[in-house]
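Step one of this worksheet: look at the structure below.
The values are calculated or read from the model by the stated rules, or taken from the named source; none is laboratory data. Computed from a prediction, not measured in an experiment: that's the story for all the values here. We place every Cβ from the backbone using ideal geometry, glycine too, and count neighbours over all the protein chains shown. These accessible areas exclude ligands, DNA and RNA; they are computed on the full protein's heavy atoms, side chains included. Shrake-Rupley method; radii C 1.70, N 1.55, O 1.52, S 1.80 Å.
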Amino acid sequence: MKPRIIVCGLGRTGYKIFSLLRQQGTFVVGISNRALPHETENIVVGDARSSATLIASGILDSHTLILASSDDSLNLAILVQARLLNPKIYIVNRLFNTSLGDRVDRTLAAHVSLSVSALAAPVFAFAALGSQAIGQLTLYQQVWPMHEEYIDRNHPWNGLSLPELWDDLSRMLIYYLPARGNTDLVSAVLEGNRVQVGDRLIVATKPSIRVKKSLRQKFTKLMTRLRQLREQTQSAVLVVLTLLLTIFLATLTYTAINSETSFVDALYFSVGMITGAGGQEEVAEEAPGFIKIFTAAMMLVGAGVIGICYALLNDLILGTRFRKLWKAAPIPPKHHYIVCGLGGIGVQTVKQLQLDGCEVVAIECDPNGRYLGLAQSLNVPVIQGDASVPEILAAANIHTCEALVAVTSNDMTNLEIALTAKGLVPNLRVIVRDRDPQFALRVQQVFEFDSVLSPIELAAPAFAAAALGGRVFGNGMTAGSLWIALSMKITAGHPFCGQRVKEAAMQSDFVPLYLKTPGQIFHAWDLLEARLCEGDILYMTIPANRLEQLWRVSPAQFIDLTKK
């Protein structure tokens, strides 16, 4: 029997998850706090925190509960009530606070927390790097972008044998959609089939990490930092030079009017006069009247200059300004990426780009932004200002950057930033965030942006996949089909136990990625010939609508065991 899944919170994200699960043939019930005019079947209207509402939705007999509200506190309140009614229910919880989610995951059994920002950000980063990703996998502690290869006559893979592609460990074949027939990928590989025009291959590619900065690049960065420091301290330097020049002119004047006054005595008197310390007053006492007037003027000028000098030096050295200037990361002169908006998705995109070895500049208009401190700890230069203003983008060296990512929380602001950037640099790669998936597609077509991505569209498949198969380590969408990457622990009673991987794959239409046994990891051809034994962990990809044969297995067996 197919499991019963409940989705709480039918906002944009929740309704997308609800629709995806229903599209995959799953028995799903939605809970909404208001009536949905276009939906009447399997919808319960009410407060999800109420036990009556949860019981009406079938919580006592349900397999999985998805908490899809954007309010963390509301999701936690529903979680508590649901566990009181059904202690064994498997819960997929949407939490913006990822650290809180990790703690809840470690505390509660059969609970997995997901963050829309953390799920969507890698795809924004891949798009900025030039990859049209449709999903992602987390393999070997790296995020692999997943994309679709459509084979036409000019495609470099046209005519290649599938075994050749299977042997290449720099990519993972996720699924095979032949133009003719219904052959699964493993069978096609074993039969030695060749890629033909019209075939589609879902492929995950190993990310390329950029080479670490050379000594010359580090020296250039240091010089840039010193140049910025010089620009910021220019006023203090000018005041100090003015003070020194005033002392020097006064010293020359006193030595010129009295040849018996030595240079040292005149210098000592000039410094004391201007700073107010006094000393060697006889230099001026026996001088003509106009020199005394000159001395009085120098005292007044000196008092002003020395006051300004003390104030600037005190602010620069004793205050926090100097430390901020020295600690502030310099803005890269070229080949960097600009991220506009340091919200949840923005800061996650910054982290992903840094993991890929890229230099990043962030622009944030809120001086009290939640993630400003995190960006500084990542040594990312942050420009505070409105990114839709050309001068702010110019300060970020937009003319020499690689790409711009507009991911503020306001869709219209993102559109304005993107249009401003295109006006400054027409050929710039621009990635835009838009909450509405349909509108995002139209915006991309009309304004010819490189990518307009909806976080809801990117993250919803992961929630649906987690509800169907426990904790997943990857997912993707293509041609309306949801692909899930999951890990499965083989138990003594599992239907795959004792079978060879290739036999189980052909029987159940999944694609094995690798097999982890107590003493070895199997890849490529060795993987297909390996026999599944109790305690082995098989990593695979499978269409969501083919998971029915795995539903007899408890979701706890599918939880990603790579944490151990």
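Taking 22 Å as R0, compute the FRET efficiency from the Cβ-Cβ separation of Leu355 and Thr400 and round it to 0.05.
After rounding to 0.05, the efficiency reads 0.45.
I need the per residue convex hull volume for the stretch 1-152, using only the alpha carbons, in cubic angstrom as a whole number.
Hull volume over Cα atoms, normalised by residue count, gives 165 Å³.
Cα convex hull of the stretch 385-506: mean projected area in nm², to one decimal?
11.0
So with the 1.4 Å probe, I'd like the accessible area per residue for the stretch 337-394, rounded to whole Å².
Spelled out: the 1.4 Å probe surface of the stretch 337-394, per residue, equals 38 Å².
Please report the antiparallel percentage of DSSP beta bridges with both residues in the stretch 380-525, rounded to the nearest 5.
DSSP beta bridges in the stretch 380-525 are roughly 55 percent antiparallel.
I'd like the carbon and sulfur percentage of the solvent accessible area for the stretch 337-431, probe radius 1.4 Å, heavy atoms only, ligands and nucleic acids excluded.
50
Given H placed on each backbone N at 1.01 Å, which residues far from Val7 in sequence or on other chains put an amide H within less than 5 Å of it?
Val29, Gly30, Ile31, Ile66
On the protein heavy atoms, probe 1.4 angstrom, tell me the percent of accessible surface of the stretch 29-158 carried by carbon and sulfur.
51
Amide H of Gly357: which non-local residues (sequence gap of 5 or more, or other chain) have their own amide H closer than 5 Å, using H built in the peptide plane?
Under 5 Å from the amide H of Gly357 lie the amide H atoms of Arg210, each far enough along the sequence or on another chain.
What would the Debye formula give as log10 I(q)/I(0) at q = 0.13, 0.16, 0.24, 0.28 Å⁻¹ for the alpha-carbon point model of the stretch 68-138, no solvent?
Those come out to -0.46, -0.63, -1.03, -1.25, one per q.
Provide the FRET efficiency to the nearest 0.05 for the Gln376-Gln499 pair, computing r from the beta carbons and using R0 = 60 Å.
Computed FRET efficiency for Gln376 and Gln499: 0.65.
By the scheme Lys and Arg +1, Asp and Glu -1, what is the net charge of all other residues having a beta-carbon under 10 Å from that of Ile202?
With Lys, Arg at +1 and Asp, Glu at -1, the net is -1.
Under the Kirkwood approximation applied to all pairs of distinct alpha-carbon atoms, what is the hydrodynamic radius of the stretch 1-87 in Å?
Across the stretch 1-87, the inverse of the average 1/r is 12.7 Å.
Would you kindly derive the ³J(HN,Hα) couplings of the stretch 360-374 from the backbone phi angles with the Karplus curve 6.51 cos²θ - 1.76 cosθ + 1.60 (θ = phi - 60°), listing them in order in whole Hz, with x for Gly and Pro?
The phi angles translate into 10, 10, 10, 10, 9, 8, 8, x, 10, x, 4, 9, 4, x, 5 Hz.
Size of the stretch 101-144 along its principal axes in angstrom, Cα-based, largest extent first?
Answer, in whole Å and largest first: 39, 22, 14 Å.
How much length would be gained if the chain were fully extended between Thr242 and Ala179, taking 0.36 nm per residue of separation minus their Cα-Cα distance, in nm to one decimal?
My answer for the length gained is 14.7 nm.
In sequence order, what are the phi-derived ³J(HN,Hα) couplings for the stretch 497-506 according to the Karplus relation 6.51 cos²θ - 1.76 cosθ + 1.60 with θ = phi - 60°, rounded to whole Hz, with x for glycine and proline?
4, x, 8, 6, 4, 5, 5, 5, 5, 5
Stretch His38-Gln445 to full length: gain in nm at 0.36 nm per residue minus the Cα-Cα span?
Result: 143.7 nm gained on full extension.
At 7 Å along Cα-to-Cβ for each site, give me the label-to-label distance between Lys88 and Arg194 in nm.
5.5
Rolling a 1.4 Å sphere over the protein heavy atoms, what is the accessible area per residue of the stretch 7-112, to the nearest Å²?
Per residue, the stretch 7-112 has 46 Å² of solvent-accessible surface.
Suppose each label sits 7 Å from its Cα in the direction of the beta carbon; what would the His155-Gln142 distance come out to in nanometres?
With each label point 7 Å from Cα toward Cβ, the separation is 2.4 nm.
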